[in-house]
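K.L.:
Structure in structure tokens, see below.
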Amino acid sequence: MTRRPTRTRLWALALAVLLLGCGAAGYTLRAAQRAGAARPSADASLTLDGTGERLFVRDTATGRVALAGRDGTRRTGGPVCDRFHAAGPTALCLQRRPGVPARAYAIVLDRRLHEVRRIALPGIPNRARVSASGRVLSWTMFATGDSYATSAFSTRTSILDLRTGYLVKDMEQIPLTLEGRRHHAPDVNYWGVTFARDDNRFYATVSTDGRTYLVEGDLRAWSARALRANAECPSLSPDGTRIAFKKKVSDDPKSPWRLYVLDLRSGREQPLADRRSIDDQVLWLDGRTLAYGHAGDVWAGPADGSGAPRVLARGASSPAMVR
């Protein structure tokens, strides 16, 4: 008399679990189908290969990498990225993941924009750079905060050498020389790396004690030294003689920076004609012209401070020139 009700209850429980499992699986399948429909597959014909110079951007409307024509046309169909950069046969895509706390992937892509390596990261994607050869990559993530205009932020910058596969998870490990002395401090932050053509020398921003510095680093010697104060997000010119950077010119958090170009030989700084506050790591389109993201568009302007800025690509960010 006691076995039948027990068996009945057990069968009822098993049936309920089965129905709930099927419902959850069905919901997951439908959600995946909806996500797939909302995110079409990448265009296999969109690659880094081609002749001449080609400008790639992140298309704001789709979040996808796109090829921007000089006539204003755009071919969209690359991978979904929050930040993007490419050079040589390599591209770097920083892709934010859903959920809390903030997480992301650093995705290494080959010349066909096919994934070859994926690295899980904590934080919010911020800066991405590939060396001219395509062999060394760097990215910066906001660990806390999401703006350089406030003091309440912390970054984590990594370097990946594709020749050896070695990954520097956090550049804070690199010994820093500041004002001629080895500097030790818990508040050291690196961001905005740019590489020289030898894939060894690099420039970056470091902040400590409430100040920012332009630093020159040596990967083989595993060292970095500060060159000058108040210089952020450097970008080395193709000939390696100049650095474009943003300089803090105001304490107004809404408009703190202006773009400058530094001549490494003479130490002379030249402000760009664009007086707006630009928060981006600029790109050298060639030896004379800079490109950068601002107010939802990609702009371009002369590197010698002459002329006026012009829109290069509407509704875009993360410009990358592939030669």
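K.L.:
Which members of segment 47-75 meet the condition of being open to solvent by 60 Å² or more (accessible area, probe 1.4 Å) and of a type in the set (V, I, T)?
P.N.:
Selection gives T51, T60, T62, T73.
K.L.:
Something else about it: Considering only segment 271-305, state which residues are under 19 Å from D239 (Cβ atoms) and surrounded by fewer than 16 Cβ atoms within 10 Å (Cβ to Cβ).
P.N.:
Answer for segment 271-305, where residues must be under 19 Å from D239 (Cβ atoms) and surrounded by fewer than 16 Cβ atoms within 10 Å (Cβ to Cβ): D286, G287, R288, D304, G305.
K.L.:
Please go through segment 242-265 and pick out each residue that is surrounded by fewer than 17 Cβ atoms within 10 Å (Cβ to Cβ) and more than 15 Å from F195 (Cβ to Cβ).
P.N.:
Hits for segment 242-265 are V249, S250, D251, D252, P253, K254, S255, D263, R265.
K.L.:
Can I ask one more? Out of the strands (runs of 3 or more DSSP E) lying entirely within segment 179-231, which hold 1 or more residues that are open to solvent by 70 Å² or more (accessible area, probe 1.4 Å)?
P.N.:
The qualifying strands (runs of 3 or more DSSP E) are 181-183, 201-208, 211-218, 223-229.
K.L.:
Can R129 be described as surrounded by fewer than 18 Cβ atoms within 10 Å (Cβ to Cβ) and out of contact with any Phe, Trp or Tyr (no Cβ under 6 Å at 6 or more places or on another chain)?
P.N.:
Taking the combined requirement at face value, the residue does not satisfy it.
K.L.:
Tell me yes or no: at least one residue of segment 248-255 is among the aliphatic types (A, V, I, L, M) and in contact with an Asp or Glu (Cβ under 7 Å, 6 or more places away or on another chain).
P.N.:
No: segment 248-255 contains no residue that is among the aliphatic types (A, V, I, L, M) and in contact with an Asp or Glu (Cβ under 7 Å, 6 or more places away or on another chain).
K.L.:
Being surrounded by fewer than 18 Cβ atoms within 10 Å (Cβ to Cβ), at pLDDT 95 or above, assigned to a strand (DSSP E or B) and hydrophobic (A, V, I, L, M, F, W, C) narrows it down to one residue among L137, L167; which is it?
P.N.:
Only one candidate passes the filter, namely L167.
K.L.:
For segment 176-188, does any single residue satisfy the condition of being under 25 Å from I278 (Cα atoms) and touching a residue at least 60 places away in the same chain (Cβ under 8 Å)?
P.N.:
Among the residues of segment 176-188, not one is under 25 Å from I278 (Cα atoms) and touching a residue at least 60 places away in the same chain (Cβ under 8 Å), which makes the answer no.
The values are calculated or read from the model by the stated rules, or taken from the named source; none is laboratory data. Keep in mind that what you see is a predicted model, and the values were worked out from it rather than measured. Here Cβ is always computed from backbone atoms with ideal geometry, including for glycine, and neighbour counts include all displayed protein chains. Accessible surface areas use protein heavy atoms only, side chains included; no ligands, DNA or RNA. Shrake-Rupley method; radii C 1.70, N 1.55, O 1.52, S 1.80 Å.
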